[in-house]
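Worksheet for the structure shown next.
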Amino acid sequence: MKTPSTIKTLALAIGLGLPLTALAEPTFPRVSVWTAYDTGSTYYIQASALGGLLREHQNSNIRIIPGRNDVARMTPLKSGQASYTISGIATYFAQEGVMLFNSDEWGPQPLRVVSANFGGQAIGLAAPGASGIETPADLEGKRVAYVLGGDAMNMTTAAVLSYAGLTWDDVRKVEIGSPLEAIDSVLNGVADAMPGSTGNPLIERLSGSPGGLSWVQLPADTPEGKEAWQRIAETVPYYQPITATEGVNISEDDPWHSGGYALPILATMERQEEDEVYALVKFMDEHFETFNRQAPAASGWSIERQNLEWIMPYHDGAVRYFREKGVWSDEHQAHNDALVRRQEVLADAWETYMNDGGKANFSSAEWSDLRAKALKDAGFIPGLL
């Protein structure tokens, strides 16, 4: 889809008899406002490194607003105070109008992916090596850490449980205040398992403890595993199989069959100017090697690592560049169109609910039920139930 600015430029070039190759490259804004994780985080450092490259090569500056939580990072984007966000899977929660975004102030948001860091980080459940917990089925009746306000971590646990056909009702939920306290809860014998990842250096505390560390295995290459992963896809659709061979208590000879998703996600709103997004995606691709050297854990940002059939639609500007690079197929476009259609179904359902009394008497349960019904009626899997 051509933007108004692109159409005007094309018309001017044709009117002047200029070859289309003479058209100027899209330009970057002098200052662009982004939201990101707190200063000092890997993802803040990644945004800063990209900002430094833009300043050096395009005289364009990124002003980064650090956000302490998901809502703080998404609010400036929704209001138009920021153009982009580098956030976690809560970006998807905002698209769906669930978790912290299941409120009368939010509802489903028309978000678009610019790029995502598919770095291969494995995320799943960890338990003491002496616990005997090796598979999701072993979790039944056990004490499992539930991180208050940690929607992403708790949905990872829900995904692992669904592998064995279990839910939170089949385990003993141990409410924990923070990810750090989750590790302490296992070390102190308060919980038997907790969500963890290969990207969390604190997991070494568990590995070095007397009880040791055991990663809960979710193999995908057996008939039973394929069926189990189909259950996960219907519950937590963004969580996909990953086999980790590097990390604490992990090796080529002793891999961790688990799952994961993109961390972080660079996203914007549907309304963002196409030319600008195109220019940003192109810049990230052309300067990827330098970016990857300057920022930690940045390898997953490469264009080759993008999952073009994931759970959120890519922005038209990104799609335009992917087409130029020859990596975007008709199948990718059909998938992207379906994801856009999903957002339209959610938006229509939200408007209906709010106009039918949701504004005055909002109920998160009522919206959840209406959301699920609208998606099912349109042929989509609701997920996140």
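The values are calculated or read from the model by the stated rules, or taken from the named source; none is laboratory data. Here the structure is a predicted model, which means the values were calculated and not measured. Positions of Cβ are backbone-derived with ideal geometry, glycine not excepted, and every protein chain shown enters the neighbour counts. Accessible surface is based on the protein model in full, side chains and every heavy atom, while ligands, DNA and RNA are left aside. Shrake-Rupley method; radii C 1.70, N 1.55, O 1.52, S 1.80 Å.
In this structure, is G107 touching a residue at least 40 places away in the same chain (Cβ under 8 Å) and in a loop (DSSP other than H, G, I, E, B)? So that I can check it myself, show each step before the final result.
Numbers: touching a residue at least 40 places away in the same chain (Cβ under 8 Å): yes; in a loop (DSSP other than H, G, I, E, B): yes.
Yes: the conditions hold for G107.
Just one of (1) part of a helix (DSSP H, G or I); (2) crowded, with 21+ Cβ neighbours inside 10 Å trips up T290, so point out which.
(2)
With the condition kept exactly as written, say whether any residue in segment 313-320 is surrounded by fewer than 16 Cβ atoms within 10 Å (Cβ to Cβ) and in contact (Cβ under 8 Å) with a residue 24 or more places away in the chain. Break it down stepwise before answering.
At the first step, the residues of segment 313-320 found to be surrounded by fewer than 16 Cβ atoms within 10 Å (Cβ to Cβ) are none.
No, there is no match, as no residue in segment 313-320 is surrounded by fewer than 16 Cβ atoms within 10 Å (Cβ to Cβ) and in contact (Cβ under 8 Å) with a residue 24 or more places away in the chain.
For segment 347-368, name all the residues that are loosely packed, with under 14 Cβ neighbours inside 10 Å and on the phi < 0 side of the Ramachandran plot.
Within segment 347-368, D348, E351, T352, N355, D356, K359, A360, N361, S364, A365 meet the criteria.
Are any of the residues in segment 226-236 open to solvent by 40 Å² or more (accessible area, probe 1.4 Å) and in a loop (DSSP other than H, G, I, E, B)?
The answer is no; no qualifying residue exists.
I'm checking my understanding of the structure. Among residues of segment 293-312 that are of a type in the set (S, T, N, Q) and surrounded by 17 or more Cβ atoms within 10 Å (Cβ to Cβ), which one is farthest from P110 (Cα to Cα)?
Of segment 293-312, the ones of a type in the set (S, T, N, Q) are 294, 299, 302, 306-307.
Those left that are additionally surrounded by 17 or more Cβ atoms within 10 Å (Cβ to Cβ): 302, 306.
Details: S302: 24, Q306: 20 Å.
For segment 293-312, the residue satisfying everything is S302.
When the residues of segment 211-239 are filtered to those that are out of contact with any strand residue (DSSP E or B) (no Cβ under 6 Å at 6 or more places or on another chain) and free of Cβ contacts under 8 Å to residues at least 60 places away in the same chain, which remaining residue is farthest from L125 (Cα to Cα)?
P223
Name the one entry in T75, T85, T91, T156 that is outside any loop (DSSP other than H, G, I, E, B), open to solvent by 20 Å² or more (accessible area, probe 1.4 Å), of a type in the set (S, T, N, Q) and modelled with pLDDT of 95 or more.
Working: T85 fails: open to solvent by 20 Å² or more (accessible area, probe 1.4 Å); T91 fails: open to solvent by 20 Å² or more (accessible area, probe 1.4 Å); T156 fails: open to solvent by 20 Å² or more (accessible area, probe 1.4 Å).
After applying the criteria, what remains is T75.
What about I123, is it crowded, with 18+ Cβ neighbours inside 10 Å, among the aliphatic types (A, V, I, L, M) and in contact with a Gly (Cβ under 9 Å, 6 or more places away or on another chain)? Talk me through it step by step, then tell me what you get.
Working: crowded, with 18+ Cβ neighbours inside 10 Å: yes; among the aliphatic types (A, V, I, L, M): yes; in contact with a Gly (Cβ under 9 Å, 6 or more places away or on another chain): yes.
It is true that I123 is crowded, with 18+ Cβ neighbours inside 10 Å, among the aliphatic types (A, V, I, L, M) and in contact with a Gly (Cβ under 9 Å, 6 or more places away or on another chain).
Which residue pairs have Cβ atoms closer than 9 Å, lie 6 or more positions apart in sequence or on different chains, and pair a first residue in segment 190-208 that is open to solvent by 40 Å² or more (accessible area, probe 1.4 Å) with a second residue that is among the basic types (K, R)?
V190/R143
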